[in-house]
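The values are calculated or read from the model by the stated rules, or taken from the named source; none is laboratory data. Here the structure is a predicted model, which is why all the values come from computation and not from measurement. All Cβ positions, glycine included, derive from the backbone under ideal geometry; neighbour counts span all protein chains shown. Protein only, heavy atoms only, side chains kept; ligands, DNA and RNA dropped before computing areas. Shrake-Rupley method; radii C 1.70, N 1.55, O 1.52, S 1.80 Å.
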Amino acid sequence: MTETSKAKRKQPARKGKAGGQPQERSVTIPFPDTDSEDEANRILAKDVPDWGKLDKDERVELLRLIRDYRKRGDPAKVKLTRKPAGGWSIAPVGKSEMLALLKLYETFSANSIDPVNARANELLKYLGSVGADNEARYNAALSFIESMKPQDQAEALLLVQMYCTHDAAIRALSQLGSAEWVPTAQTFGNLATKLLSTSQRQMDTLARMRRGGEQVVKHIHVDNRGGQAVIAENVNQGGGTAKNEDQCHGAGNSGNGPALLGHDAQGNGVPIPSRERAEAVQDARRDEPRRA
């Protein structure tokens with residue numbers, strides 16, 4: 001009996017009869033349509049398997065994740081059908097054809113079907129070039145683009161580029177482990193580095209587009225107490241209870257300006273004499289007898 005069990009574990013898993021693909025397991029997520037925590041927990045206890053095995057914190061977390069999932073909504077999906085003469089036929093998937101079509105419009109920030117078809121052809125051409133032109137990969141790309149919520153067609157076009165660039169970079173990285181020769185590994189490593197750098201620049205471009213050309217300006221002040229440059233919005237000069245009126249007027253009202261040079265270039269100031277008294281200055285008038 002034991003030997004039979006070991007033999008079974010050594011045997012590779014048999015592929016399914018339908019195309020050799022493993023069967024997918026679907027999970028139904030309940031959506032408690034109530035704001036009451038007790039009522040929501042009662043519904044989840046009825047519809048969620050193994051609810052009794054979860055502790056209090058895990059139940060609270062599960063309820064939060066379910067509500068967040070519901071807020072995101074269902075992404076746009078399509079059905080791909082290969083045409084006999086070549087190419088693909090794309091049809092929206094959903095209970096309502098109008099709702100599914102409007103989701104596609106929103107995904108690419110479009111008001112007509114033409115931009116939607118243009119972006120679809122771009123995605124399918126790339127996915128076909130890497131042997132991944134299927135519904136799962138195409139709908140994954142749609143989900144990414146929709147999650148980024150493009151504000152116009154320029155952002156939608158950039159997001160298509162970002163998805164393709166990222167996928168190409170990951171494919172280049174995946175070749176490093178199977179490379180048998182150093183030049184081959186260097187080739188794929190350099191390609192992955194360039195693609196990842198391009199992907200980062202695309203993200204920066206999208207961020208700048210959404211900021212609207214806003215620039216960040218830093219003010220640099222020089223501290224008179226040591227001649228050190230300080231990057232800050234405002235710098236208190238003088239310390240203590242010193243007022244602006246006590247600062248040098250030549251530096252302006254704020255008292256900011258380059259430090260004055262002293263005897264010590266390190267900023268220790270001019271040396272102060274000790275307790276020795278200053279030598280008396282000789283009187284310029286001499287004690288001479290006055291003439292009569």
Q.
Quick check: pseudo-label points 7 Å beyond the Cα along Cα→Cβ at Ser89 and Leu65, how many nm apart are they?
A. 4.0
Q. Mind listing the phi-derived Karplus ³J(HN,Hα) values for region 178-195, rounded to whole Hz, using 6.51, -1.76 and 1.60 with θ = phi - 60°, and x for any glycine or proline?
A. 9, 6, 9, 10, 4, x, 5, 4, 5, 4, 5, x, 5, 5, 5, 4, 5, 5
Q: Report, by chain and number, residues whose modeled amide H sits under 5 Å from the one on Lys79, excluding near sequence neighbours (fewer than 5 apart, same chain).
A: Ala91, Val93
(Q) Within region 158-200, what whole-number % of the accessible surface is contributed by carbon and sulfur, with the 1.4 Å probe and all protein chains included in the calculation? (A) 62
Q: Mind listing the long-range amide H neighbours of Trp88? Cut-off is under 5 Å, sequence gap 5 or more, other chains count too, H placed in the peptide plane at 1.01 Å from N.
A: Lys83
Q.
Over the Cα atoms of region 61-218, what radius of gyration and what Dmax do you get, in Å?
A. 18.4, 62
Q) How far apart, in nm, are two points set 7 Å out from the Cα along the Cα-to-Cβ line at Ile220 and at Ser96? A) 5.9
Q: Treat every Asp and Glu Cβ in region 121-210 as -1 and every Lys and Arg Cβ as +1, leave all other atoms uncharged, and give the resulting dipole magnitude about the Cα centre to the nearest 20 debye.
A: 240
Q | Lysine pairs within region 47-206, Cα separation less than 29 Å, 8 or more sequence positions apart or different chains | A | 25
